[in-house]
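Participant: This is the structure I have questions about; it appears just below.
Each reported figure results from applying straightforward, stated rules to the coordinates on display, with no laboratory input. All values derive from a computational prediction rather than experimental measurement. Here Cβ is always computed from backbone atoms with ideal geometry, including for glycine, and neighbour counts include all displayed protein chains.
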Amino acid sequence: MTRTSRPATAAALLPLVGGPANVTSVAHCMTRLRLGLADRSLVDEDALRALPAVLGVVDDDTYQIVLGPGAAARVTADFEALLATAAPGPDVPGAAPAPAETGAAGAEEGTRHRTATPGKLLLRRVANIFVPLIPALVGCGVIAGANGLLVNLRLLPSLTPALTAVSSGFLALIAVFVGHNTAKEFGGTPVLGGAVAAVVVYPGVAQVTVAGTPLAPGRGGVLGALAAALLATRVEKWSRGRVPQALDVLVTPTLTVLVPGLLTLYALMYAAGEVSSAIGTAANWLLATTGVLAGLLLGGLFLPLVMLGLHQALIPVHATLIEQQGYTVLLPLLAMAGAGQVGAAAAVYVRLRHDHSLRTTIRSALPAGLLGVGEPLIYGVSLPLGRPFATACVGGAAGGAFVGLFAMLGDRVGATAIGPSGWALFPLLAGNRGLGQAAAVYAGGLLTGYAVGFAATYAFGFGVGSGSGGKAAPDRPSVP
């Protein structure tokens, strides 16, 4: 998307979602513009889907417009600028309130409580804490991968220590960012959440003895930081409701840092450390003993998990594994779902050769699918057709089983960051037997997913008599 087209895209989107007065909140993730809307009946969804920049639309707890990686962040900024320009000033009589700031606060919170179940709301909040960290994880992961390659090839020895510092600094302090985002999401002061979470990674905690044992800096990791910031938010809210206003500026920040800070040192770090260790142990055991089955289930069920929004529960698990082991072994398995999706779309393209509209959609969406952006193929091809969505899951299961088999044989493949998948994940790959072996196993999984997704869809993805000119599913279900 060009610089000139981004403002035009934002300007085209705004009237189609009901105008500025209908937008109550704005946020974005890696691929989607997420809007809180006062009245969803004002949305012209057909016109939205017809926009060239729009890859799909999802009507969930927030109204989500799929724009693709990179484009989502840029169009969101342009969209917010339009809202700021369109919003009337507070001195105008009868003016509607300005849209809420990006994040969980404001009117979106009310929208979530009205439309989302408690479980889904919790998952959304978890995502709001960790998704903003993904760009830094990706950037640092790519630098770490390039640095590892230089070290192995013994190139630029004077530069590699500097690259190590650049790539490792964020991960060393990720707990602080988790604490900041947690407090922001749950209504506390972000800097106080970060201050309490910083206790987890402060090197000086090694001087603190609990039950006769010195603490280890970083114990508990992101989970400990999350728990510490949640506790800090509770203490802050309690204090602000009871401390006289004249003393609030001194007493509340002190209590918010002191009480949760001590509880973090003497309880939360140990408890969260045990949970983090259990996650790492369980992931390694799962792949070492049941790798094929684990890959089959994770690769096959990930697309439905994404559709239900349940994949967000895996974000802190990925973050814990990356912090603990340097990479997450789960993401390459889950990425196989996208390979099955690509294979299924290719089979639809071959079978429905007279459906020119659908074939045009597939041609435009396949490059993004190969790079791990699956929404265009999901919402434009497989899900509306029905059966190809199921056969895409079969392809994902086969690719996952392939990667899982090698894990059982001792070749673990991991990703140093979360977010990218498909071929875009190659720069972020890591493994216990070197980058070359990890890349070979991952590529084999992708090819398996493509092949099985294609074969399953070609053979079973169409109704009787659909042939080359028929439709796979005349009655296309609406996208959830």
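Participant: At a 10 angstrom cut-off on C-beta neighbours, averaged per residue, how do the peptides 46-58, 419-431, 445-457, 146-158 rank from highest to lowest?
Facilitator: Answer by packing, highest mean first, reads 445-457, 419-431, 46-58, 146-158.
Participant: For the charge dipole of the chain, defined by +1 on Lys and Arg C-beta atoms and -1 on Asp and Glu C-beta atoms about the Cα centroid, which residue among V17, G380, A228 has the Cα displaced farthest towards the positive pole?
Facilitator: The one lying farthest along the dipole's positive direction is G380.
Participant: For R433 and L297 in the same chain, what is the full-extension length gain: residue separation times 0.36 nm, less their Cα-Cα distance, in nm? Please report the intermediate quantities before stating the final value.
Facilitator: On the way: separation 136, 0.36 × 136 = 48.96 nm, distance 2.45 nm.
Value of the extension gain: 46.5 nm.
Participant: I need the calculated FRET efficiency for the pair A38 and A271, taking r as the beta carbon distance and R₀ as 45 Å, to the nearest 0.05.
Facilitator: About 0.60, to the nearest 0.05.
Participant: Measuring from centroid to centroid over Cα atoms, what is the spacing of region 433-457 and region 339-402 in Å?
Facilitator: 16 Å
Participant: Something else: Answer with one residue from V243, I134, Q324: the one whose Cα lies farthest towards the positive end of the charge dipole of the chain, charges on Cβ with Lys, Arg +1 and Asp, Glu -1.
Facilitator: Positive-end residue among those listed: Q324.
Participant: What's the ranking of 410-416, 192-198, 22-28, 237-243 by average number of surrounding C-beta atoms within 10 Å, highest first?
Facilitator: On the way: 410-416: 24.0, 192-198: 26.6, 22-28: 22.4, 237-243: 13.9.
The densest-packed peptide leads the list: 192-198, 410-416, 22-28, 237-243.
Participant: Can you tell me, using C-alpha contacts under 8 Å and at least 6 residues apart, the relative contact order of the chain as a whole percent?
Facilitator: Numbers: 918 pairs, mean separation 64.5, N = 480.
RCO, the chain: 13 percent.
Participant: Calculate, in nm to one decimal, what E45 and T209 gain on full extension: separation in residues at 0.36 nm each, minus their alpha carbon distance. Present the calculation step by step, with values, prior to reporting the outcome.
Facilitator: Values: separation 164, 0.36 × 164 = 59.04 nm, distance 5.97 nm.
53.1 nm is the gain from fully extending E45 to T209.
Participant: Tell me the mean residue ellipticity at 222 nm calculated for the chain from its helices only (DSSP H runs of n ≥ 4, each -39500 (n - 2.57), averaged over every residue, nearest 500).
Facilitator: Working: 17 runs with 287 residues, N = 480.
After summing the helix terms and dividing by the residues of the chain, the value is -20000 deg cm²/dmol.
Participant: For a protection proxy built on the mean count of beta-carbon atoms within 10 angstrom, sort 315-321, 334-340 highest first, please. Please list the in-between numbers first.
Facilitator: Details: 315-321: 22.1, 334-340: 32.1.
The packing order, highest mean first, is 334-340, 315-321.
Participant: Report the charge-dipole magnitude of region 128-241 in Debye, nearest 20, computed about the Cα centre from +1 at each Lys and Arg Cβ and -1 at each Asp and Glu Cβ.
Facilitator: Numbers: 6 positive and 2 negative charges, 21 e Å.
About 100 debye.
Participant: Taking R0 as 25 Å, what FRET efficiency do you get between A278 and L173 from their Cβ-Cβ distance, rounded to the nearest 0.05? Walk me through the numbers before you get to the answer.
Facilitator: Details: r = 24 Å, r/R0 = 0.95.
Efficiency computed from Cβ-Cβ geometry: 0.55.
Participant: Quick check: Cα centre of region 148-199 to Cα centre of region 246-322, how many Å?
Facilitator: A separation of 17 Å, based on Cα centres.
Participant: Follow-up. Just to be sure I understand the rule: take each whole DSSP H helix in the chain, project its Cα atoms onto its long axis, keep it if the span is 24 Å or more and its mean Kyte-Doolittle hydropathy is at least 1.6. Which ones pass?
Facilitator: Working: long enough: 134-153 (28 Å, 1.73); 221-240 (28 Å, 0.65); 245-263 (27 Å, 1.51); 269-308 (35 Å, 1.43); 331-351 (31 Å, 1.26); 387-408 (32 Å, 1.23); 435-460 (37 Å, 1.12).
What comes out of the filter, once short or polar helices are dropped, is 134-153.
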